[in-house]
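See structure below.
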Amino acid sequence: MAKCDCCGKGVAFGIQVSHSHRRSNRTWKPNVKRVKAIVDGSSKYIYACTRCLRSGKVTRAI
């Protein structure tokens with residue numbers, strides 16, 4: 001679910017480093033919302049990240 005249907009942004013993996021420099025694996029999840037958008041002329045529910053919503057890549061359906 002955590003993947004934008006518009007730009008393809010998904011989960012990113014990395015290493016969390018504490019103050020004492022102990023390292024552990026962590027994930028960064030994208031801020032993905034389920035929105036009703038117009039896709040190919042018809043309204044459809046898609047998952048879109050908030051950056052695509054804000055930039056206007058996704059046209060919202062009323």
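The values are calculated or read from the model by the stated rules, or taken from the named source; none is laboratory data. Every value quoted in this text rests on a predicted model; they were computed, and no experiment measured them. With ideal geometry, Cβ positions are generated from the backbone for all residues, glycine too; neighbour counts draw on all protein chains shown.
Remarks
- Test for I38: is it free of Cβ contacts under 8 Å to residues at least 40 places away in the same chain and exposed (fewer than 13 other Cβ atoms within 10 Å of the Cβ): no
- Filter result for the condition that a residue is outside any loop (DSSP other than H, G, I, E, B) and among the charged types (D, E, K, R), over K36, K9, K3: K36
- Pairs where the first residue, in the range 1-29, is among the hydroxyl-bearing types (S, T, Y) and the second is not in a strand (DSSP E or B), C-beta under 6 Å, 6+ apart: T27/V11
- Within the range 17-35, the set of residues being surrounded by 13 or more Cβ atoms within 10 Å (Cβ to Cβ) and in contact with a Phe, Trp or Tyr (Cβ under 8 Å, 6 or more places away or on another chain) comprises V32, K33, V35.
- Candidate set from the range 12-33 (those that are under 29 Å from I62 (Cβ atoms) and part of a strand (DSSP E or B)); member that is nearest to the chain's Cα centre (by Cα): V32
- Selection count where residues are within 18 Å of G10 (Cα to Cα) and either surrounded by 13 or more Cβ atoms within 10 Å (Cβ to Cβ) or polar (S, T, N, Q) (or both), scope the range 41-54: 8
- Residue within the range 1-9 that is modelled with pLDDT under 95, more than 17 Å from the chain's Cα centre (by Cα), surrounded by 13 or more Cβ atoms within 10 Å (Cβ to Cβ) and of a type outside the set (K, R) present: no
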